[in-house]
Amino acid sequence: MSVPVLSVITWAPFIGALLIMFTARHRPLAVRLIAAVTTGLSTVLSLWIYLAYDREAAGFQFHEKVVLVPPLGVAYELGVDGMSLLLVLLTAIIIFTGVFASWTVTVRSQEFYALLLALVTGVFGVFVSLDLFVFFLFYELAVLPMYLLIGIWGSSGQVRPRGIFAWAFRETGVGSKEYAAMKLTLYLLFGSAFILVGIFALYVFAGTGSFSFLELQAAAFDPGVQWWVFLAFYVGFGILAGIWPLHTWSPDGHASAPTAVSMLHAGVLMKLGAYGVVRLGMGLLPEGAGALAWLVGTIACINIVYGALSAMAQTDLKYVIAYSSVSHMGIVMLGAATLTEAGLNGSVFQMFAHGVMTGLFFALVGLVYEKAHSREIGKMGGFGHAMPGIAVAFTVGGLSSLGLPATAGFVAELLTFMGAWRSAHPWWLFPAVAGTFLTAVYVLRVAKQIFWGPPSPHFEHLDDARGPEWVALVVLVGVIVVFGMMPGLAIGPVGTATMPLLTRIVAP
Amino acid sequence: MTGPGLQAYLILAALVFAIGLFGILTRRNAIGILLGIELMLNAVNINLVAFARFHADLAGLVFTLFTIAITVIEVGVGLAIVIAVFRVRKTVDADHLTLLRG
Amino acid sequence: MAIAAALLTLGLPFAAFLLLALVPRLRRSGPPAGWVSIGAIGAAFLVAAAAWLAEAGGAGVWGWIPGAGGPLVTVGVLLDDLSRAMVLLVTLVSLLVQVYSLAYLHDEPRPALGRYYAYHALFAFSMLGLVLAPTFVQMFIFWELVGLCSYLLIGFWYDRPSAAQAAVKAFWVTRLGDVGFIIGIVWLWAAAGTFEFTALFAEAAAGQIPAAGLALTMVLIYLGAVGKSAQFPLHVWLPDAMEGPTPVSALIHAATMVTAGVFMVTRTMPLFALVPDVLTLIAWVGALTALLAATMACVEGDIKRVLAYSTISQLGYMMAAAGAGAAAAGFFHLGTHGVFKALLFLGAGAVIHAAGTNDVFRMGGLFRAMPQTGIVFLIGTLALAGVWPLAGFFSKEAVLAGVLHGQLTGPFVLLALTAFLTAFYMFRVVFIAFFGRPHDPHAHLHDPPRLMAGPLWVLAGLTVGLGLWFTVQPPAGEHGPGWLAPLSLGLAAAGIVLAWATYQARVVSADLLATLLAPLDVAARRRYGLDALYALLYRGAMLGCSRVIGWLDRYVVDGVVNMASAWSLRAGDLLRRIQTGVPQDYVYGVAFGVLVLLVWAQWGSR
């Protein structure tokens, strides 16, 4: 029996959270060091399993199983395949850099870091658990601390009530951080209700009395059941992945959340939704996935174009980035819906690429906000002089987001395009390509407005990133470029996981 | 075995229960309400003892002992709350204690 | 050997870029950073020259994106006649421009200079990667990367709003073309199953590529070239790109990057040859571009913009040749144009450096003050006008011959007209700026320092030398009928004479000419309304559409969500009233509930 690596990766942040709560009162530096060390441990181990994963053997590796409730078939069962491997690595990178990006949180930093780390345990748990019951528990653990993190450490914006629903805006308090936190939590819990129903349906219809993914995978479900359970999973997880029109929690939530939470949420939690659709929806319900791919792909196309246009219309920097996530998650869902090798690999790669670049974006927005105390794009200008490092990192993130080659975004988009044209609905290619052009328009427009041009008169004494903040920027930029130039690093293991999945869907 | 039958005990218990309920519903004084609750609980005790006696089952008596113990605690806590409320609000009239109104 | 040489030329600038990007101290040191980049590109030039002399050829392909059945996407190097020549041109012009920049940007702050050379090293790497690409995807990758470098270098002086705007515009417009390019690449992949040129050409030769939709595919691929090589109607970005430093304009926006489109069409000619209609379209668009750009150059007062329009015009020439099936002639013109247009830009840079303005009407009499610059500029101008025996004459004649041979009379007439206009607008600049009365007699104008003059003379020498070489040993390929050379020379002479008469001897009034051609003059000055049209489309269609969507999202899509939320709140409000807070009310509720249950139990048990 070797070391339970996955458990260590998953629970290390939680242990860190406990340590922070009980040993680091009134010692902000200790809080940060504990957070950095425990997430650093997870990161190192994630890298290690990434390298140690046997690509020839493929399948689920680093398997762990402890039976929890024998009569119900609930077990603490962990394992990773090529797909979850990449996402575990992504989570580790984002939280590790997130710890550094929020180094300057001063209000109740102890509780902040503790909640953040507890949240991360949930995310890791979702990606590694092979038991649907435990999967769901981790899923909820990943969603709930968000409420406090946004409600307490978030920032409020202003939304003017207009249109025929203005009365509703006034009653719900749109724009405030409490509103955003509540909206996000309620929306995601609404989604998890669908997921729970789906999971129980699988449990009941499989009849094997087990929540184990591997056993459910072997079960054959009736096509009708597959159809509606897939729909339930699609809606449930899709909410988290920001599918149109159930995406409106995401701009408000991301804009209000503090830096590290935005990074984690847009970078990883939205991927968790897409991962759920691919892993549970497509992995367990091949016929349902095949029957509903048209819906998933079409909505994804709407997401891409609609998200990009919405992003273009925003005047608040955080909203621009948040809507760009809505657009990019469209690429993820589209790639998956193509049901082709290139498309699905592109989808998983885009989960990773978008995770890193949006993490970078939110880290940068956090830094800019911290230094300029404003998110109004229109007021900013000429920041390139005062913060060249941030400007460079923003440019790299922006280029990746518009799919420039040599960044991770390009590989994902190219694969998705290839998959889209080979899919059953070739026209999906056009909105996808149009989306990259629209992205180029809004990203460069924003970059130009903020960093280029003569220095804005509204701001004085702006600084570049400092000390620990550099760690976040350098790591994230490095990952974007390295994976952009050597996509084989990621596609290699991912391919071992997506091919079996596809053969199950396409073969019958 | 002579004496009144089970029915008589049940009627007595029902009467005591009804008196307690009436007290709760009509009294405005918190202490009166507590007294009403005591009556209702004791009505239940009567039932339990009666059933234990007529079914020759000791479980009823055991339950009764538990009920009495818990009733004592309940009265203790209840009176403590009433006193605490009186200190703050200078009244124990239940109609005025509407902080929980939605 | 060939592959190693190719990788070496590719690797040297990349290494320089990495060094400059990753070692901030070196980058901020300014001139040393420049020398690192110059050294790398110099070594790359030597390797390229050796490969040229050895006529090394070969191809190497490696997997890039793995797939289940072998690599899905490959990258590598392909060294053949075409890429050898192009690599030589790119490394040579890059080297000269980088050396020139060292003096030209002498006054820049050191960190900015280091940044400039980092961009340059990246550009050299990207351009070489594009040229050496053996697959469509690799070509697209580097295609975008040179676009990025162009964006960064146009916006080098990023605190100037006009530079920032121009950089973004250049990126957007070329990106618009690339939308077509990437779709075309994916379609071609879906139809032929590969991205690799050699495999594609083999399939094309064997007729294995399905003909259905191929024409549209190739038009889409050509769209990429329209954007990159500034063909009508996507040429609008190139004049604005002159906001960048002049050496950048010389390298990227004259000699190398903008010719990538022509290079791509030439490279994939076996595929375009399958769809003759598309080729005809390319020729027409090229000829039209050439003429339109030439007319706009005639009314432009900014020396760099004149050169920019002239670049567009000459790119039109190359494209027309490629479209007429004379890709070799087009590529020939690409090479000679690269040399003398770089010369002209660098000469213009020397002028701007000395005079401190771009406006030709504020120059004058420069020839006396800056004889060296004047001579090389004149050489470049003559070459561009197509005057024998300079390099431009031969390549221009080859292009005209090719177009004529391709039975494309219409484009030929347009191109011939352009040849006349070219001579006119170039000599207009020469007479105004170099021979006219000095605008400011007290200005201390002087020839550029040695680091700037050196590259100028090298390029001038090449222009003359190549011309003489071709005189001795006429280039292979298409030769037009006997009347072509006299016609071409005659048109050039006519243009020069008209320019002389108008701007030097002043026997013809420029205003009179403008009045005579009033509609054309107005249209050309307004750039045929294309910029306004794009601005309208951008503001009206795109931003307008985004506003509508943004509003809908905020107030309708999200409004429905908030409405649901508000309704739940209201429903809760109603239910709340039940909670009176009076304990007796709750007990009533319980008692009543018990009663109901009792009755129900009685009634139900019956």
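On the principal axes of its alpha-carbon atoms, the range A:254-409 has extents of 55, 29, 25 Å, going from largest to smallest. The residue list A:VAL128, A:GLY98, A:GLY82 was ranked by how far each Cα lies along the charge dipole of the range A:30-189 toward its positive end, using unit charges on Cβ atoms, and A:GLY98 comes out on top. The listed peptides A:384-395, B:24-35, A:127-138, ordered by packing as a protection proxy, come out as A:127-138, A:384-395, B:24-35 (highest mean of other Cβ atoms within 10 Å first).
Arranged from fewest to most other beta-carbon atoms within 10 Å of their beta carbon, C:LEU487, C:LEU512, C:LEU462 become C:LEU512, C:LEU487, C:LEU462.
What's the longest bit of chain A with no exposed trypsin sites (Lys or Arg not before Pro), using DSSP loop states and at most 16 other Cβ atoms within 10 Å as the test? Present the calculation step by step, with values, prior to reporting the outcome.
Values: sites that count: A:ARG25, A:ARG55, A:ARG108, A:ARG162, A:ARG466.
The segment A:163-465 is the longest one with no such site.
Computed 3J(HN,Hα) for the range B:55-72, one whole-Hz value per residue from the Karplus formula 6.51 cos²θ - 1.76 cosθ + 1.60 where θ = phi - 60°, is 9, 6, 10, 6, 4, x, 5, 4, 4, 4, 4, 4, 4, 4, 4, 5, 4, 4, glycine and proline marked x. Rg over Rh for the range A:324-471 works out to 1.06, using Cα positions for both radii and the Kirkwood form for Rh. A convex hull fitted to the Cα coordinates of the range C:242-354 yields 78 cubic angstrom per residue.
Based on every Cα atom in the protein assembly as shown, Rg and the maximum pairwise Cα distance Dmax equal 37.8, 149 Å.
As a calculated quantity, the FRET efficiency between A:HIS385 and A:SER156 at R0 = 30 Å, using C-beta atoms, amounts to about 0.50.
Give me the distance between the Cα centres of the range C:325-357 and the range C:408-475, rounded to whole Å. One Cα centre to the other: 8 Å.
Between C:ASP81 and C:ALA15, what's the calculated FRET efficiency when r is the beta-carbon distance and R0 is 45 Å? Round to 0.05. Don't jump to the answer; show the numbers that get you there.
Working: r = 27 Å, r/R0 = 0.60.
Calculated value: 0.95.
With a ≥ b ≥ c the root eigenvalues of the C-alpha gyration tensor of the range C:103-262, is it rounded (a/c under 1.5), prolate (a/b larger than b/c) or oblate? Prolate, because a/c is 1.5 or more and a/b exceeds b/c. The distance linking the range A:1-65 with the range A:235-265 is 25 Å (Cα centroid to Cα centroid, whole angstrom).
The lysines within cross-link reach of A:LYS271, meaning a Cα-to-Cα straight distance under 28 Å and a gap of 8 or more places when in the same chain, are A:LYS65, A:LYS177, A:LYS183, A:LYS318. Converting phi to 3J(HN,Hα) with the Karplus coefficients 6.51, -1.76 and 1.60 and the offset θ = phi - 60°, the range C:494-499 yields 4, x, 5, 4, 4, 4 Hz in sequence order, with x at every glycine or proline.
Would you mind estimating how fast the range A:162-305 diffuses translationally, via Stokes-Einstein at 25 °C and 0.890 mPa s with the Kirkwood radius over Cα pairs, in µm²/s? Could the numbers behind the result be given before it?
Details: Rh = 16.4 Å.
Using the Kirkwood radius from Cα pairs, D works out to 150 µm²/s.
Longest exposed-loop-site-free stretch of chain A, with GluC sites (Glu not before Pro), DSSP loop and at most 12 other Cβ within 10 Å? Present the calculation step by step, with values, prior to reporting the outcome.
On the way: sites that count: A:GLU56, A:GLU460.
In short, A:57-459.
As an exercise, use a Förster radius of 56 Å and the Cβ-Cβ distance of C:ALA541 and C:ALA54 to find the FRET efficiency, rounded to the nearest 0.05. If you can, show how the numbers build up before the last one.
Numbers: r = 54 Å, r/R0 = 0.96.
Efficiency for this residue pair is about 0.55.
Bridge orientation summary for the protein assembly as shown: considering DSSP beta bridges with both residues in this region, about 100 percent are antiparallel.
Along its principal axes, the range C:335-466 has C-alpha extents of 55, 27, 19 angstrom, given from the largest down. Measuring from centroid to centroid over Cα atoms, what is the spacing of the range A:458-475 and the range C:230-261 in Å? Answer, in whole Å: 34. Taken along the Cα-to-beta-carbon direction at a fixed 7 Å, the label points for C:LEU530 and B:ALA69 span 9.5 nm. Of the Cα atoms belonging to chain C, the radius of gyration and Dmax stand at 31.0, 124 Å. Between amide H atoms placed 1.01 Å from N, distances below 5 Å from A:GLY59 occur with A:GLY82, all of them 5 or more places distant or on a separate chain. Across the range A:117-127, rounded Karplus estimates of 3J(HN,Hα) from the backbone phi angles (6.51 cos²θ - 1.76 cosθ + 1.60, θ = phi - 60°) give 5, 4, 4, 5, 4, x, 5, 4, x, 4, 6 Hz, Gly and Pro being marked x.
Chain B: D in µm²/s via Stokes-Einstein (Kirkwood Rh, Cα pairs, 20 °C, 1.002 mPa s)? Translational diffusion coefficient: 141 µm²/s. Altogether, the Stokes-Einstein calculation at 20 °C and 1.002 mPa s, with the Kirkwood radius of the range C:316-394 over Cα pairs as Rh, returns a diffusion coefficient of 157 µm²/s. Taking other C-beta atoms within 10 angstrom as a stand-in for reagent exposure, A:MET333, B:MET40 fall in the order B:MET40, A:MET333, fewest first. Helix C:136-154 and the longest principal axis of the Cα set of chain C meet at an angle near 80°. On a straight-distance basis, which lysines could pair with C:LYS396 in a cross-link, Cα separation under 27 angstrom, same-chain partners fewer than 8 positions away excluded? Here the lysines satisfying the reach criterion relative to C:LYS396 are C:LYS228, C:LYS304, C:LYS341.
Per residue, the convex hull around the alpha carbon atoms of chain A comes to 139 Å³.
Throughout, read-outs are computed from the coordinates displayed, never taken from laboratory work. Remember, predicted model here, so these are calculated numbers, not experimental data. All Cβ positions, glycine included, derive from the backbone under ideal geometry; neighbour counts span all protein chains shown.
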